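What follows is a set of notes on a single structure, which appears directly below.
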C-alpha cells in the first residue's frame, strides 16, 4: 500500500510539473500572440495613414483634372472665337454683333449708345469709338438691338440711319427695384457708306443698364447691285 501511495504522489508531482511547464508555454504563446497583434495593429495603422494620404492625393488629382477640363474648355472656346474672328470673309458676308458691358448714366436725348464690346464683325465696319456701323455694301439688312433699364427707370431708344430714325423701343422698369428690357428688329435697304447706330430717344431717364444684357447686331440678307 505504501508503495502505491508513493507512486501516486510521484505521478501527481509529475503532473503538477507538466502543468506548470504547459502553463509557462501557454503564457509564452499568449505573449507572442500579443506581440504579433500589436505589430499587426501598428502595420494596420501605417497602412491606414498611407491609404488616407493616397485618398488625399487622389482628391487633389481629381481637382486638378476638373481645373484642366475648365481650362481646356476655355482654350477651345477662345480658339474657336479667334478662328472665327480671323476667318477671311467674302465682301458679301456682312454681319456684326456687339454688347454694352457697362452701365450708362447721364445720357441726354438723342445720345449715341456706344456698344463697347465687339463679338463679331466680319467686315470691320463697326466703330467702338462712336457706336456707328458703316454699311460696307448696298443691300437688304436686318438690324436688331436690345435695351434694358433697372431700378424703376425708363428709356426710349431709336435705330438711326444717316440721322433718320427707323425703329424704336420704349423700356420701363416699373416699380423701383425692378428691371425691364425691350428688343426691336427691323429690315431695311441701306446703301454703302450709310451710318447706322442706336441712340436714345427724346424722352427717358438717360440710363441704360448694360452689363452685357444690351446688344446691337446686324447682317445682310442679300446685296443689291
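The values are calculated or read from the model by the stated rules, or taken from the named source; none is laboratory data. The model shown is predicted, which means the values in this text are computed figures rather than measured ones. In this analysis, Cβ positions are derived from the backbone assuming ideal geometry, glycine residues included, and neighbour counts consider all displayed protein chains.
Among the residues of the stretch 126-135, is any out of contact with any strand residue (DSSP E or B) (no Cβ under 9 Å at 6 or more places or on another chain), surrounded by fewer than 19 Cβ atoms within 10 Å (Cβ to Cβ) and not in a strand (DSSP E or B)? Yes, the conditions are met somewhere in the stretch 126-135. Residues being surrounded by fewer than 19 Cβ atoms within 10 Å (Cβ to Cβ) and either touching a strand residue (DSSP E or B) at 6+ places or on another chain (Cβ under 7 Å) or at negative phi (or both): count how many of those fall in the stretch 137-155. Of the residues in the stretch 137-155, 6 are surrounded by fewer than 19 Cβ atoms within 10 Å (Cβ to Cβ) and either touching a strand residue (DSSP E or B) at 6+ places or on another chain (Cβ under 7 Å) or at negative phi (or both). Give the residues of the stretch 202-216 that are closer than 17 Å to residue 99 by Cβ and loosely packed, with under 15 Cβ neighbours inside 10 Å, sorted by residue number. Within the stretch 202-216, 211, 212 meet the criteria.
Evaluating residue 189 against the criteria (1) assigned to a strand (DSSP E or B); (2) touching a strand residue (DSSP E or B) at 6+ places or on another chain (Cβ under 6 Å); (3) touching a residue at least 60 places away in the same chain (Cβ under 8 Å) leaves one unmet condition, (3). For the condition under 21 Å from residue 126 (Cβ atoms), out of contact with any helix residue (DSSP H, G or I) (no Cβ under 9 Å at 6 or more places or on another chain) and outside any strand (DSSP E or B), what is the one hit in 210, 218, 206? Result: 210 is the single residue among 210, 218, 206 that is under 21 Å from residue 126 (Cβ atoms), out of contact with any helix residue (DSSP H, G or I) (no Cβ under 9 Å at 6 or more places or on another chain) and outside any strand (DSSP E or B).
Looking only at the stretch 163-186, residues that are surrounded by 12 or more Cβ atoms within 10 Å (Cβ to Cβ), under 18 Å from residue 133 (Cα atoms) and more than 32 Å from the chain's Cα centre (by Cα) come to 5 in all.
Among the conditions (1) under 16 Å from residue 99 (Cβ atoms); (2) assigned to a strand (DSSP E or B); (3) free of Cβ contacts under 8 Å to residues at least 40 places away in the same chain, the only one that residue 167 does not satisfy is (1).
Among residues that are surrounded by 14 or more Cβ atoms within 10 Å (Cβ to Cβ), out of contact with any helix residue (DSSP H, G or I) (no Cβ under 9 Å at 6 or more places or on another chain) and modelled with pLDDT of 95 or more, residue 107 is included. Here the condition is being crowded, with 19+ Cβ neighbours inside 10 Å, assigned to a loop (DSSP other than H, G, I, E, B), modelled with pLDDT of 95 or more and within 31 Å of the chain's Cα centre (by Cα); of 96, 115, it holds for 115 alone.
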